[in-house]
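Working notes for the structure below.
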Amino acid sequence: MKLQAVVLDWAGTTVDYGSLAPVAAMERVFAEVGIVLTPDEVRAPMGLPKKDHVGAILGMPRVADALRHAPGADVDTLYARFIPLQMECLAAHSDVIEGVPAAVARMRARGLAIGSTTGYTRAMLDVVAAAARAQGYAPDLALCPDDAGGGRPMPWMMYTAAVRLRVYPMWAIVKVGDTASDVEEGRNAGSWTVGVALTGNEIGLSRAAWDAMPAGEQTVALTAARERLRQAGADYVVDAVADLDTCFDDIDARLARGERP
């Protein structure tokens, strides 16, 4: 038995270095009701369906206390405002991360089917997927929470991917993403999991901002990002999708020995 499929996340994993689009929109929608979110607050629920992301921020004690009597500070109202703000941000943050098309070509050469999941809505995902396709990245399948009856950390999108890609068992699939909820999605499905530390949510910087950071600070930040993904339960942690090949080799060897995630 070998791996048969990989399911990739979108923002921060295959597109949008630093996972900046969701942050920009979330910061704006909460600023409109008088809350300036910290980076930790806006990024902690990253990877969830976007309405759940709004709700998770509203549930944070500092935010909940500040908005206790604020008009229009409820999940439905803020999410309705978030949608157009997110759509505006997507066009500026849909660049495919360097090395992704070549890495996906190597995955296909291994015989892997390429699926993808996201916390974006279908309308949002369609914008991102179209931009990615024009840049040379097009997975075999692109799922959003509405396609499966729910999003992360539940495994429904993973199960739907398995059905549509005609791949089984679940331990013949590896889930790759840059957030704890990506890792939980894969683990809950019974699949192998790989966390992406550098290009996504855990670092949260554009490529230019990362390159401008002093080397010593880079080392500290990247070490911490890797550890957070390990603590979330990732079987493997890489810096970018371009680094996945050795993970696939190791998983194939473990499967041949009868190991399971």
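The values are calculated or read from the model by the stated rules, or taken from the named source; none is laboratory data. Values in this document were obtained by computation on a predicted structure and should not be read as measured data. Every residue, glycine as well, gets a Cβ built from its backbone with ideal geometry; the counts of neighbours run over all protein chains shown.
Worth a mention:
- Applying the set (1) within 22 Å of PRO155 (Cα to Cα); (2) in contact with a Phe, Trp or Tyr (Cβ under 8 Å, 6 or more places away or on another chain); (3) of a type outside the set (D, E, K, R) to GLY12 leaves exactly one unmet item: (2).
- Considered as a group, the residues in the stretch 1-16 that are part of a strand (DSSP E or B) and of a type outside the set (Gly, Ala, Ser) include one that is surrounded by the fewest Cβ atoms within 10 Å (Cβ to Cβ), and that residue is VAL15.
- Inspection of the stretch 136-151 identifies no residue that is in a helix (DSSP H, G or I) and more than 19 Å from LYS50 (Cβ to Cβ).
- Flag if LEU112 is touching a helix residue (DSSP H, G or I) at 6+ places or on another chain (Cβ under 6 Å) and either surrounded by 19 or more Cβ atoms within 10 Å (Cβ to Cβ) or modelled with pLDDT of 95 or more (or both): no
- When the criteria are applied in full, THR223 meets the requirement of being of a type in the set (S, T, N, Q), farther than 23 Å from ARG254 by Cβ and surrounded by fewer than 24 Cβ atoms within 10 Å (Cβ to Cβ).
- Counting the residues of the stretch 86-100 that are under 19 Å from the mean Cα position of the chain (by Cα) and part of a helix (DSSP H, G or I) gives 8.
- In the set (1) under 26 Å from ALA162 (Cβ atoms); (2) of a type outside the set (Asp, Glu); (3) not assigned by TED's automatic domain parsing to the domain that holds THR179, ARG68 fails one condition alone, (1).
- Criterion (of a type outside the set (Val, Ile, Thr), at pLDDT below 95 and surrounded by 14 or more Cβ atoms within 10 Å (Cβ to Cβ)) met by exactly one of MET107, MET60, MET87: MET87
- Among the residues of the stretch 37-54, those that are in contact with a Phe, Trp or Tyr (Cβ under 8 Å, 6 or more places away or on another chain) and under 23 Å from ALA148 (Cα atoms) comprise LYS50, LYS51, VAL54.
- Residue that is farthest from the chain's Cα centre (by Cα), among those in the stretch 26-41 that are β-branched (Val, Ile, Thr) and in a loop (DSSP other than H, G, I, E, B): VAL33
- Test: PRO261 is without any contact (Cβ under 8 Å) to a residue 24 or more places away in the chain and out of contact with any Cys (no Cβ under 9 Å at 6 or more places or on another chain): no
- Condition check for PRO101 on (1) touching a residue at least 40 places away in the same chain (Cβ under 8 Å); (2) in the same structural domain as PRO169 (by TED's automatic domain parsing): one failure, at (1).
- Residues of the stretch 47-65 that are farther than 14 Å from PRO153 by Cα and basic (Lys, Arg): ARG62 alone.
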